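Below you'll find the structure, written out as structure tokens, and then a few comments.
The values are calculated or read from the model by the stated rules, or taken from the named source; none is laboratory data. On a predicted model such as this, the values are computed, not experimentally measured, just so you know. Cβ: placed from backbone, ideal geometry, glycine included. Neighbour counts: every protein chain shown.
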Amino acid sequence: MTTLSIPRPVAGDHAVGMSGYISVAPNLHDAVKQLTMQRDAVRQKLSNLNAAKAAYRYAEGKWTVREVVGHLADAERVFQYRLMRIGRADETPLPGFDENTYVPAGEFETRAFGDVLEEWVAVRNATLALVRGLPPAAWTRSGTSNGKRLTTAALAYVIYGHVEHHAKLLAERYGI
């Protein structure tokens, strides 16, 4: 299998609000391998949580661990969809999304934690299939999302960095 190296985005390749996610992502010199390793590490870290730990929230009004993982699945689906649309040269402007609406509407607390985690794993597997299948020309394309210019390369970094951002929060604020 060929190694897929995705160039690090530069200013203008993404909205300023995505900079935090991009900054915590490593250089994606072997994107498929790195996204796969991240999937496996997250799954391993979270797969043995008991129901009490999955329902833990570090402060009133903050998401539970289960809701964080549900959010990871939702957000990756959105980022993946943007990646597919822009990678396929679709220039239709794409809307934003409000995670603070999605999480309560997802009712993740009504589901078994293992099911929510496996949903994220399935979404990541779909991301991997998309990334593996994009032709080289797709990685230089750009589009508009939430009123801002965005490149496919930036989206790959956002996908990786968004998970890293939440993994850090899970470690620091949830003790996981």
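Could you figure out which of (1) under 17 Å from residue 161 (Cα atoms); (2) in contact with a helix residue (DSSP H, G or I) (Cβ under 7 Å, 6 or more places away or on another chain) isn't true of residue 81?
Single failed check for residue 81: (2).
Within region 89-117, track down each residue that is in a helix (DSSP H, G or I), out of contact with any Asp or Glu (no Cβ under 7 Å at 6 or more places or on another chain) and β-branched (Val, Ile, Thr).
101, 110, 116
List, please: which pairs have Cβ atoms under 9 Å, are six or more places apart or on different chains, and start with a residue in region 37-49 that is touching a residue at least 24 places away in the same chain (Cβ under 8 Å) and within 14 Å of residue 112 (Cβ to Cβ) and end with one that is surrounded by 13 or more Cβ atoms within 10 Å (Cβ to Cβ) and among the basic types (Lys, Arg)?
Correct list of pairs: 49/66.
For region 152-175, does any single residue satisfy the condition of being in a helix (DSSP H, G or I), out of contact with any helix residue (DSSP H, G or I) (no Cβ under 8 Å at 6 or more places or on another chain) and surrounded by 14 or more Cβ atoms within 10 Å (Cβ to Cβ)?
Yes, because at least one residue in region 152-175 is in a helix (DSSP H, G or I), out of contact with any helix residue (DSSP H, G or I) (no Cβ under 8 Å at 6 or more places or on another chain) and surrounded by 14 or more Cβ atoms within 10 Å (Cβ to Cβ).
Residues 144, 101, 110, 127: which one is at pLDDT 95 or above, of a type outside the set (Phe, Trp, Tyr) and in contact with a Pro (Cβ under 9 Å, 6 or more places away or on another chain)?
On the way: 101 fails: in contact with a Pro (Cβ under 9 Å, 6 or more places away or on another chain); 110 fails: in contact with a Pro (Cβ under 9 Å, 6 or more places away or on another chain); 127 fails: in contact with a Pro (Cβ under 9 Å, 6 or more places away or on another chain).
Every option except 144 fails the conditions.
For the subset of region 118-151 comprising residues that are β-branched (Val, Ile, Thr) and assigned to a helix (DSSP H, G or I), which member is nearest to residue 32 (Cα to Cα)?
It comes out as 131.
Quick one: in region 141-176, of everything that is within 29 Å of residue 58 (Cα to Cα) and of a type in the set (Gly, Ala, Ser), which residue is farthest from the chain's Cα centre (by Cα)?
By that ranking, first place goes to 175.
When only residues in region 70-97 that are among the acidic types (Asp, Glu) and closer than 14 Å to residue 145 by Cβ count, which is surrounded by the fewest Cβ atoms within 10 Å (Cβ to Cβ)?
Ranking the candidates gives 91 first.
How do the pairs read when you match residues in region 53-75 that are at negative phi and free of Cβ contacts under 8 Å to residues at least 24 places away in the same chain with residues anywhere that are of a type in the set (S, T, N, Q) and surrounded by fewer than 17 Cβ atoms within 10 Å (Cβ to Cβ), using Cβ under 7 Å and keeping only pairs 6 or more apart or on different chains?
none
Quick check on region 7-18. Is at least one of its residues in contact with a helix residue (DSSP H, G or I) (Cβ under 9 Å, 6 or more places away or on another chain), within 21 Å of residue 122 (Cα to Cα) and of a type outside the set (D, E, K, R)?
For region 7-18, residues in contact with a helix residue (DSSP H, G or I) (Cβ under 9 Å, 6 or more places away or on another chain), within 21 Å of residue 122 (Cα to Cα) and of a type outside the set (D, E, K, R): absent.
Return the residues of region 109-137 that are over 30 Å from residue 52 (Cα atoms) and of a type in the set (Lys, Arg); say none if nothing qualifies.
Of everything in region 109-137, just one residue is over 30 Å from residue 52 (Cα atoms) and of a type in the set (Lys, Arg), namely 132.
Which of the residues that make up region 138-150 are in contact with a helix residue (DSSP H, G or I) (Cβ under 7 Å, 6 or more places away or on another chain) and either β-branched (Val, Ile, Thr) or at positive phi (or both)?
None; the set is empty.
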